[in-house]
Structures are given as structure tokens and as C-alpha cells.
Protein chains: 2
Amino acid sequence: MNAHILTIGDELLIGQVINTNQAFIAERLNAIGVDIACMSTVGDAMEAVLGALRTAWDSAEVTVVTGGLGPTHDDITRTAVCAFFGTDLVPNEDVRRHIGELMKKRNLPWTAAAEDQSLVPRSAGVVPNPLGTAPGLRFSGKGKTMFVLPGVPYEMKEMIDGSVIPFLAPLAGEQVIRHRTLLTTGIPESFLASQLGDLDRLLGGASLAFLPSPAGVRLRITVHGRTSAEADGTVRDVEGRIRSRVSRYIYGTDEEDLETVLGGMLAERKLTIAVAESCTGGLIAHRLTNVSGSSAYFERGVVTYSDASKTELLRVPAGVIGAHGAVSRETAESMASGIRGAARTDIGLSTTGIAGPSGGTPSKPVGTVWIGIADPAGTLAVKFSFGEGRVRVKERASQAAMELVRRRLLKME
Amino acid sequence: MNAHILTIGDELLIGQVINTNQAFIAERLNAIGVDIACMSTVGDAMEAVLGALRTAWDSAEVTVVTGGLGPTHDDITRTAVCAFFGTDLVPNEDVRRHIGELMKKRNLPWTAAAEDQSLVPRSAGVVPNPLGTAPGLRFSGKGKTMFVLPGVPYEMKEMIDGSVIPFLAPLAGEQVIRHRTLLTTGIPESFLASQLGDLDRLLGGASLAFLPSPAGVRLRITVHGRTSAEADGTVRDVEGRIRSRVSRYIYGTDEEDLETVLGGMLAERKLTIAVAESCTGGLIAHRLTNVSGSSAYFERGVVTYSDASKTELLRVPAGVIGAHGAVSRETAESMASGIRGAARTDIGLSTTGIAGPSGGTPSKPVGTVWIGIADPAGTLAVKFSFGEGRVRVKERASQAAMELVRRRLLKME
């Protein structure tokens, strides 16, 4: 089964928005064995949309369209698909009820725009949009299917995973494609490549990609197989070979993130944590609390940007800051044990560093970060150099801090 | 002048790589007045590439192709364009010399792959690639031009700015395109549409797009003009009309974000702020400290996830939490005045709510958030309903909290 992904929106054609939707859809379709034949993008103009719909519908078995379904005048996709399939709009009671409930939940009045959004092309099935007001549409004919979804990423993703994939999966599957991603952090791509570079020759039917990001290098295994069992077996084999060489650096798999992995470990061990952040500015607390259920182990966080707040909230002696500086092993350790004592948690975690762009010195350049950890076994701090870029330094430091806790829990260090 | 951007590569079709190249090229072409008619992506397969070249060449005056020019077996673009234009490969001495110099600089030996890369289609002009070995190609005919560039982003970008734009700019320049984006928050798309929907009829040569996101709705003005002066004048006129109707909701323009706008206002007024977060979990502190120079006004933040931390760090009376609950007007106000008192700042800001997915009740469903603010004029709290989705609730609450401070500073409320 092959597919065409058509994304619609002037914001894409002027380069204002990077097209992440098409990559997401491609990845999801691929996972169920649907090959993407082509992806295309046109603007919010009737003639262009109609031409693109024709090309997509004629060339692929499945077409997924996103964008231009909103309530404003520049949203022309619904009108275009009506014209393309020769149908008209009719009121849909289920859609109307859903929009009404959403509006009520958000304390918004019923408007003409809401009324308009509850109209659905007569020949289309409705693809529910749990997170938004614009319903998705499904057209079928001549053994082909077209899905039309809103372009708002979180609405679209929910609809792909909740409706489109479940609909297509039983129809797709002659060939099986499996991806598995191993997530590493704290180790450069070149080191991983030197450890794993020869695997490529050993991997029958599998390929390995190295995908670097500020959170670490992701190792993606891709396997084509004739059956699920065959493909899954190859994936397991390859994953085993990789783990036997670099397991120390792998903190999770696929869509996991480090905060979820670490949170699971803390919850399982019934441990609590508190965080004292300077240069990361609240990012570690933000990430830890992104995890549902984190209130079971995250007791508190403080963002001590001023020296006064370090002294008042963490009892870091003014003398320590005076003698060693706010960015030092001594301050990081004092912050970690200070937050652990104040919050009465099992673990105290701290960061202090120079996120930049200003504030660097020859001996403490921008990107210098001390990360401290205090637990029943004692207190220590580790120095890192994260390079330049304020937000990137924060991201890397938050990742390294959580990884320090993870390895400590595993008694790796 | 219009253009088609064709990106080639299997890694794009499986969703492994997000297509940032097409957005970059679109933005650069747009700036010199070239409209993008369509963007398309196909894999490294001869038939697909030939079909896509045909569609692009037939439909647009300019085609920009990237990807598949490298030295490995899966790079078929050069072969495809030779077939498409009916030409063959010939050695090019300039290209050969350039590749030789690059290889020498990198201490690499001359290889068969290097020899092969110095072959260029007979009917093509060379687009120099200062940063890499694969030369770019330029084909012309029937008033049309096609550029074929490597897909490596930094090589491609250098070639777009160094060769493609200088070549096209003199040919394009009959029209000028200007974009300006006004950033709103705290107001639904449907309300903005009802306030501004009639502008479309009034805007000669301009168009208005509504782009929703969790941070708010962006209003993008696009103007086509014959001269820069004319286009800039129209943009100013349209922006003025929009501001006269909805200025209250506009916090910034173009690439700005709310934390930068608010930070600028605090710095200019020499005011300080401290933040007490419950449901936002550190996100407000993280965003405020993403701004370079924020240590001048951001004194501290606390993330009080436990009731104990609210009492100890913010002096929220246990009786207040007991009587009204942690998610209440009273707790939000007490947190805001508590952090302001502890940090001795001009402004104290607080959030307390139910980010979900669990913890909701019929009277306080998931998404219920109280935001408190304390300043010399007094203390107040406002209730919001942000719907579902833990991270999205945090994002919306952080945006609403900073917007509350911004409007308070402007004496809007």
C-alpha cells in the first residue's frame, strides 16, 4: 500500500513554519507498512489545492491531507474537497454536540464559526477530533481512501494515532517495517559510530541510523521483514548486539524521555527528589513535572538565580560563594545538600553554571556547569562543558543532571 | 516569478528527517519576490524522481532541487537530471580542482568517488559548492531555470545565498513580498475572526492569515507590492487597522515571544519578579530565564508541588489550603503574596491548578488553573480553564500567567 501526504498552508510555502506534520505522518504510516510515494505542499488557494488533490488521489492508494480546516476565511480545504468529490455540506449532530461540549469546557459562547464547523461533506465519514473543533473527514472510492485532517499538530497527531492508523493497519500489511530507537545520552556520535560502525555489515535486512540532538544521540534500527515475527526477531537481535557494546549509555527506547524513565525508577524505588536550579532556570523541575504522577516523588524545586536566594532557601554559606564563586564544585554540593535537607527528600539535585551569552571568563567559559547530587550515600558534584547557546546549554545541563541521578540509582558510578 | 521546490531522499519519506531545507529555500526565495507554487518530496527512485522533475519543470518558472547528489549508490539525482534533459556527463576541470583542494585540506586521498563527482552534465552550468565536493547544477531553457543542489543543509544554504539568490534576484524583482506577524494570546481564533474578518475586503493587495498554537493565535499579514516602499506602506496600514481593533491582545510581532517581551518591559521599568509555581512545575521560571539578561529582573522561583513546600517557602497558611483546597483563589493569592514577600521583589506571580490527567473533580476539572499576581497595587487571582493534556495545560497556563503580568504592567486591567 502506498500513500501521498499533502500538506496545505501558506505558512509552509513562505518558510515561516517547518513542516513537521508530514514527517510525523510518514513515520506513523511507515510503521504499519505503508510506503510514502510522495509528499507535497501547496498554499491556501483553490486552484492549487484542487490540482494537488487530483495528483495525490490519482497516484496513491491512500492520501492524507492536513491543514486549512479551521473556521476562518483562509481555510479553504473543506470547500476544496467538496468540489473535488462533487458533494455538499450537511449538518452533523455528533460533530455539533462535540463542538458544543468543547466550547462549554472552555467557557466560550456558541458562534457562527462553531455552527459552520459542524457542517460536514455529505459523502464523507467523520474522523473524530477529540482535542479540537474541526472534524476530520474520510472519503472512499475506487479502492482508495483520503483522510483530511486539521493542521494543528497536536490535534492531527491524536487523530492519526486514534483513527487513521487503526483504520489503515488491517488493510496495509503485506510487508512489515519495524523501527526501534535506542536513546543514548552523554556520549558523542563519533564514539558510538566507532563502537557500532561495523554492525552495518552484520545486520541482514536491518539498517542503523545515528540521529544526534541536544538530548543525546538516538540510534534507530530499521528492519524490513515478510512477517511480524521475522522483523521483530531481527530487531531483537540487532538491539541485543548494540546493547552488548554500549548499554551503559542507553537510558530508554523509542518515544520515551529521560524524565519518564527516571520518574519510573524513582516511583518504583519509592524515592523522593527535590531540585535546586541556577543555570537551568526551572527546566529540570519543568521536565520532571511533565510526567503524569510526578507528584508522588517530586517534592519541590527552587530556582535560585540570586545569591540571596541560594543563601536563604538552600543555606549555602555566603562564605562559600565568596570564596569559590557561585559556579563551583563547593556551591553545587552545598545547593544539593541544602535542597535535600530543606525538602527532607531522599535525593537533592542542583545545577549552577554559565548559560551565557554573557558572564563567561577564561577560567569559567560560557557552558561551564557544575551539577551536584546529594543522597544517603553522600554528596558530590561533576563539572561539564556544554558549549554555547543559552537554551541549548540549559537543555544539555538538564539532561546531564537527570542522567547523573539515573546512573547513581543504578550504582553505575 | 514562481518556483517549485523538490526535495529528494528516502530519509524524508520515512519521516526520519524533518524537511528543514524546503522551509529555508522558501523563505529565501520569498524574500526576493519569488512565490512558491508548490513543494514536493520523493524518494531516491529513478521513476519517482523523473516524474517529479517533469511536474516541477512544467508548472513553475524556477525549480530548486536538493538531495541525492552525493557519491554513494543511493544518490541518483545527477543521473536523473541527465536523463530528463537528454544530456551526458563530461569532466569539469574547475570542479576537479576544487574537489582536489578540499580532499587535500581534509587529508583524504583521491578516490574513484572523487573522480566521479568531478563529472558534470554537458548542458549544465556549475553552481559552486564551497563547503562540499558535490557541485550544484543549473539548467536553463524556454525561459525556465532549474537548480540542482546537494541536500546537506549547510552546503545547500551556502549555495542558495551565494549563487542561487544572486542569480535570481535581478530576474525576479518586479514584485516585492512582505510578511508581518502580530502575536496574540488569551483570545480564541473565532473571536479574532469575528473582529477582523471583514478586513479582507478592505485590504488591497494584502491578505491576513490566522495561525493558532498553544501560545496563542498569530495574525500574519502578507503584502505583494511593486516596490519596497509601497509594500511596507501597505503593511503599516493593515497593521494599524488590526491594532485599532484588537491591540489589547497583541503582545509582540514576528519572531518575538512573550518571555522576551515581558522581560524587556520589566528591565525597562527596573522591576523584579519572583515566581511560585505549582501546576506549571517550573515552566514559567524556565521561560523567563531563557531570556538573556533575565538575571537582572528574575530573582527566584519555587516549584511548590507539596503542601508542605507551599507552607514552608510561601507561608501559605495550612488553614487556607485546608478550607479552600490547594487549587483555589485563596491559595493562588497567598502564594503570589508569599513569594513576593520572601523574595522582596516588585511582583510575585503564582499558579496552582490541575494539569491532569488525574486529579480532576466535577467542580475542579482537569485544566482548572488559578493564576495569582501580587504587586504594590495589591493581590488578585484569576481562574482559567485550559482543557486537557498535561503539557499543553502547563504551556497555556505559563502563557496566561506572563500575559497577566504584561497587561498589569500596561495598566490594562
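Return yes when residue A:79 is within 26 Å of residue A:43 (Cα to Cα) and among the polar types (S, T, N, Q) and no when it is not.
Criteria met by residue A:79.
Can you tell me which residues in the stretch A:208-242 are hydrophobic (A, V, I, L, M, F, W, C), more than 18 Å from the chain's Cα centre (by Cα) and not in a strand (DSSP E or B)?
Once the filter is applied, which keeps residues that are hydrophobic (A, V, I, L, M, F, W, C), more than 18 Å from the chain's Cα centre (by Cα) and not in a strand (DSSP E or B), the stretch A:208-242 yields A:229, A:231, A:235, A:238, A:242.
In the stretch B:359-388, what residues are small (Gly, Ala, Ser) and either surrounded by fewer than 20 Cβ atoms within 10 Å (Cβ to Cβ) or in a strand (DSSP E or B) (or both)?
From the stretch B:359-388, those small (Gly, Ala, Ser) are B:359-360, B:363, B:367, B:372, B:374, B:377-378, B:381, B:385, B:387; that's our starting set.
Within the stretch B:359-388, B:359, B:360, B:363, B:372, B:374, B:377, B:378, B:381, B:385, B:387 meet the criteria.
Please go through the stretch A:121-131 and pick out each residue that is within 32 Å of the chain's Cα centre (by Cα) and either away from chain B (no Cβ under 14 Å) or aromatic (Phe, Trp, Tyr) (or both).
A:124, A:125, A:126, A:127, A:128
Could you list all residues from the stretch B:20-36 that are more than 7 Å from chain A (Cβ to nearest Cβ), closer than 19 Å to residue A:47 by Cβ and either surrounded by 22 or more Cβ atoms within 10 Å (Cβ to Cβ) or modelled with pLDDT of 95 or more (or both)?
B:34
Are any of the residues in the stretch A:185-207 among the β-branched types (Val, Ile, Thr) and under 24 Å from residue A:26 (Cα atoms)?
no
For the list (1) at pLDDT below 95; (2) under 29 Å from residue B:315 (Cα atoms), I need the number of the one condition that residue A:367 fails.
(2)
Confirm whether residue B:86 is under 28 Å from residue B:52 (Cβ atoms) and surrounded by 19 or more Cβ atoms within 10 Å (Cβ to Cβ).
Here the answer is no, as residue B:86 does not meet what is asked.
What is the one condition in (1) within 12 Å of chain A (Cβ to nearest Cβ); (2) part of a strand (DSSP E or B) that residue B:190 does not satisfy?
(2)
Return yes when residue B:134 is without any contact (Cβ under 8 Å) to a residue 24 or more places away in the chain, more than 29 Å from the chain's Cα centre (by Cα) and in the same structural domain as residue B:6 (by TED's automatic domain parsing) and no when it is not.
no
Would you list the helices (runs of 4 or more DSSP H) that sit entirely within the stretch A:246-322 and hold 1 or more residues that are touching a Leu at 6+ places or on another chain (Cβ under 9 Å), more than 8 Å from chain B (Cβ to nearest Cβ) and among the small types (Gly, Ala, Ser)?
Helices (runs of 4 or more DSSP H) meeting the threshold: A:258-268.
Which condition number does residue B:405 fail, the rest of (1) over 15 Å from residue B:337 (Cα atoms); (2) touching a residue at least 60 places away in the same chain (Cβ under 8 Å) being met?
If we test residue B:405 against (1) over 15 Å from residue B:337 (Cα atoms); (2) touching a residue at least 60 places away in the same chain (Cβ under 8 Å), just (1) comes out false.
Please count how many residues of the stretch B:193-217 are within 14 Å of residue B:249 (Cβ to Cβ), more than 8 Å from every other protein chain (Cβ to nearest Cβ) and buried (at least 16 other Cβ atoms within 10 Å of the Cβ).
4
Has the stretch B:303-318 got at least one residue that is under 29 Å from the mean Cα position of the chain (by Cα), free of Cβ contacts under 8 Å to residues at least 24 places away in the same chain and under 19 Å from residue A:284 (Cβ atoms)?
Applying the first criterion (under 29 Å from the mean Cα position of the chain (by Cα)) to the stretch B:303-318 yields B:303.
In the following step, the residues that additionally are free of Cβ contacts under 8 Å to residues at least 24 places away in the same chain were identified as none.
Scanning the stretch B:303-318, I find no residue that is under 29 Å from the mean Cα position of the chain (by Cα), free of Cβ contacts under 8 Å to residues at least 24 places away in the same chain and under 19 Å from residue A:284 (Cβ atoms), so the answer is no.
Quick test of your reading of the structure: residue A:218 fulfils all but one of (1) modelled with pLDDT under 80; (2) touching a strand residue (DSSP E or B) at 6+ places or on another chain (Cβ under 9 Å); (3) of a type in the set (Lys, Arg). Name the failing condition by number.
Of everything listed in (1) modelled with pLDDT under 80; (2) touching a strand residue (DSSP E or B) at 6+ places or on another chain (Cβ under 9 Å); (3) of a type in the set (Lys, Arg), residue A:218 misses just condition (1).
When the residues of the stretch B:132-149 are narrowed to those that are in contact with a Gly (Cβ under 9 Å, 6 or more places away or on another chain) and β-branched (Val, Ile, Thr), which ends up farthest from residue B:68 (Cα to Cα)?
B:133
The values are calculated or read from the model by the stated rules, or taken from the named source; none is laboratory data. Owing to the predicted nature of the structure, the values given are computational and were not obtained by experimental measurement. With ideal geometry, Cβ positions are generated from the backbone for all residues, glycine too; neighbour counts draw on all protein chains shown.
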